[in-house]
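Structure first, then comments.
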Amino acid sequence: MLMISIPVTTASRSYEVLIGSGLLERAGEHLGKLLENRRAFVVTVAPVRRRWAKVLLRSLSTAGIATDLLEMPNGERAKRLSTLEKLADKLVKQGADRGITLIALGGGVVGDVTGFLASIYMRGVDVIQIPTTVLAQVDAAIGGKTGVNLVSGKNLLGTFHQPRAVLIDPAVLDTLPSREYRAGLYESLKCGILGDAGLFRLFEDRHREILDRDPVVIEKVIADSVRLKASIVSSDEREGGLRQVLNFGHTIGHALEAETKYTQLLHGEAVAWGMIAATHIALSLGKLDSVTAGRITNSVIGFGKLPRMKFQTASIVKRLRSDKKTRQGKVHFIIPREIGKVEITSDVPEAIISAAMDEIRQLARN
Ligand SMILES: NC(=O)c1ccc[n+]([C@@H]2O[C@H](COP(=O)([O-])OP(=O)(O)OC[C@H]3O[C@@H](n4cnc5c(N)ncnc54)[C@H](O)[C@@H]3O)[C@@H](O)[C@H]2O)c1
Ligand SMILES: [Zn+2]
C-alpha cells in the first residue's frame, strides 16, 4: 500500500501524519511501536463506531494491543467539560494508568475532547488522532490544539497537546453525509488560497472528481492540505503570528456562526462565506485584482449552494469588535493578495466590512 508520511516538528514533540487509503485496517502495525504499555482506549461516537470501530479494533488486537472502546455522545453539544469528566471516570474504573494511550476515532469533536482529556488525565497521557471527517483530517487533528466549549463561548477551555501520531484513512470519508463532506472541503480550499496555488488549481481543475469523492484526487487534496498545516504548525506551534493565517475566512465566519446561533451553518460553510467576504474586503482595499477575486469567489461558490442565513450587518460588525482575535480594539482580517498568498491587516474601515457583508447577503439570496 502506498502511503504518504508528513512530519510535524514542534518544540514539544515531533510526529508523523500518515495518509493512505485502507490505513485503518493497518493501524495496529503502525501504532504497535508507539504504544508504551500496549494498552489503548478508543474514544468515539455512535455513527463512527457503527461503521468503523470494528476495523480499527481488529487491527489493534492483531498487533497485540489491548483495547477498550469508550463512547461519548455525538455532536458539538457533547464538547463540554462534563463529557471529559465522564470519560475520565470510565477510564479510572477500567484501570487506566498513566501508561495508556487514548485514540480519538471521529470528527473534530471527538479529537478535541480526546486530546483535551489526554492532556490532563493523570497529568497527561499519549493520544493518537484518527480523524474521520474531512474537517478533522485536514485541520482539527493536526497541530495539537484541544478544547471544549463553555456556555459563554466556543473553545474557551483547552490545552496544547500534540499527538504521538495522526493516521488518516481517506476511505472512511465514504460514509460521511455529503453536507459534512463539502463543509470540510472549504477548509482545504482555504489552505490552497492562503498558501498553496497548486492545491487551489486542483480545486479548479478537478472540481467534479473532488465532489464525487474520487479516491485518488481526494487523497491528494488531503495530503496537500495537511502538508500546508503541518509546515505552519511546525514553525509556529502556539499561534504567535504565522499560524494566524490559518484563520483566513474565520473572522467573519465565526461572527456568522454566532449570529445565526450555530444552527444554520456548519463551521466550514461559515468559513466559506467568510472567505468570500475577506476576498471582497481585499478587493475594496485595492489589495487584490478583480480577476483573482473572481477566481476565489467562484471556487467557493462552485461547490454548490451554501445554506441561506439571516443576519444584520450591524450586529456582525459589533460582534467582530468583541471577537477574541481582536487586539487593541482592532479587528484583524486575513486577506488574499494573490492565489497562495495572504496578509494580515487591521486597518479595514467599517464601511468596507459592511459592503462585504451586503455582498454575501446578496449572494446568499441567489
Ligand atoms: N483542534 C483544532 O485545531 C480544530 C480545528 C478546527 C476545528 N476544530 C473543532 O472541530 C469540531 C468540528 O469537527 P467536525 O466538523 O469533524 O464535526 P463532528 O466531529 O461533530 O463530526 C460531524 C458529524 O459527522 C459524523 N461522522 C464523523 N465521521 C464520520 C464518518 N466517517 N462517517 C459518518 N459519519 C461521521 C459525526 O458523528 C458527526 O455527526 C468543532 O468543535 C471545532 O471547534 C478543532
Ligand atoms: Zn475552521
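The values are calculated or read from the model by the stated rules, or taken from the named source; none is laboratory data. Source: prediction; values computed, not measured. Cβ: placed from backbone, ideal geometry, glycine included. Neighbour counts: every protein chain shown.
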Return the residues of the range 330-366 that are in a loop (DSSP other than H, G, I, E, B) and surrounded by 14 or more Cβ atoms within 10 Å (Cβ to Cβ); say none if nothing qualifies. VAL331, HIS332, ILE339, GLY340, VAL348
Residues in the range 39-68 that are out of contact with any strand residue (DSSP E or B) (no Cβ under 6 Å at 6 or more places or on another chain) and not in a helix (DSSP H, G or I): how many? 2
Scanning the range 195-220 for residues that are assigned to a helix (DSSP H, G or I) and within 16 Å of ligand 1 (Cβ to nearest atom), which turns out modelled with the lowest pLDDT? PRO215
ASN247, sole failed condition from (1) out of contact with any helix residue (DSSP H, G or I) (no Cβ under 7 Å at 6 or more places or on another chain); (2) more than 16 Å from ligand 2 (Cβ to nearest atom); (3) in the same structural domain as LEU306 (by TED's automatic domain parsing): (2)
Out of curiosity, is LYS86 without any contact (Cβ under 8 Å) to a residue 40 or more places away in the chain, closer than 16 Å to ALA40 by Cα and assigned by TED's automatic domain parsing to the domain that holds ARG39? no
If you check GLY153, GLY158, GLY147, which single one turns out to be within 13 Å of ligand 2 (Cβ to nearest atom) and closer than 19 Å to GLU239 by Cβ? GLY147
Just for the range 232-247: of the residues that are touching a Gly at 6+ places or on another chain (Cβ under 8 Å) and crowded, with 20+ Cβ neighbours inside 10 Å, which one is modelled with the lowest pLDDT? GLU237
Can you list residue pairs whose Cβ atoms sit under 8 Å apart, with the first residue in the range 158-176 being within 21 Å of GLY75 (Cα to Cα) and the second being within 16 Å of ligand 2 (Cβ to nearest atom) and assigned to a loop (DSSP other than H, G, I, E, B)? Count only pairs 6 or more apart in sequence or on different chains. GLY158/THR146; GLY158/GLY147; THR159/THR146; THR159/GLY147; ILE168/ALA141; LEU173/THR133; LEU176/THR133
Please report, ordered by residue number, the strands (runs of 3 or more DSSP E) entirely within the range 99-169 with at least 3 residues that are modelled with pLDDT of 95 or more, within 13 Å of ligand 1 (Cβ to nearest atom) and under 21 Å from ALA270 (Cα atoms). 148-150
Enumerate the pairs (first residue in the range 204-218 and touching a residue at least 24 places away in the same chain (Cβ under 8 Å); second residue anywhere and surrounded by 11 or more Cβ atoms within 10 Å (Cβ to Cβ) and among the aromatic types (Phe, Trp, Tyr)) with beta-carbon separation below 9 Å, excluding pairs fewer than 6 apart on the same chain, so at least 6 apart or on different chains. HIS207/PHE303; ILE210/PHE203; ILE210/PHE303; LEU211/TYR181; LEU211/PHE303; ARG213/TYR181
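Yes or no: VAL271 modelled with pLDDT under 95 and either within 13 Å of ligand 1 (Cβ to nearest atom) or within 26 Å of LEU24 (Cα to Cα) (or both)? So that I can check it myself, show each step before the final result.
On the way: modelled with pLDDT under 95: no; either within 13 Å of ligand 1 (Cβ to nearest atom) or within 26 Å of LEU24 (Cα to Cα) (or both): yes.
When the stated conditions are applied, VAL271 does not pass them.
Assess whether GLY192 counts as being of a type in the set (Gly, Ala, Ser), over 15 Å from the mean Cα position of the chain (by Cα), away from ligand 1 (no atom under 16 Å from the Cβ) and not assigned by TED's automatic domain parsing to the domain that holds ASN298.
It is false that GLY192 is of a type in the set (Gly, Ala, Ser), over 15 Å from the mean Cα position of the chain (by Cα), away from ligand 1 (no atom under 16 Å from the Cβ) and not assigned by TED's automatic domain parsing to the domain that holds ASN298.
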Does GLU180 satisfy the condition of being out of contact with any Leu (no Cβ under 8 Å at 6 or more places or on another chain), modelled with pLDDT of 95 or more and not in a loop (DSSP other than H, G, I, E, B)? no
Boolean, GLY108 is within 16 Å of ligand 2 (Cβ to nearest atom) and under 23 Å from ALA272 (Cβ atoms): yes
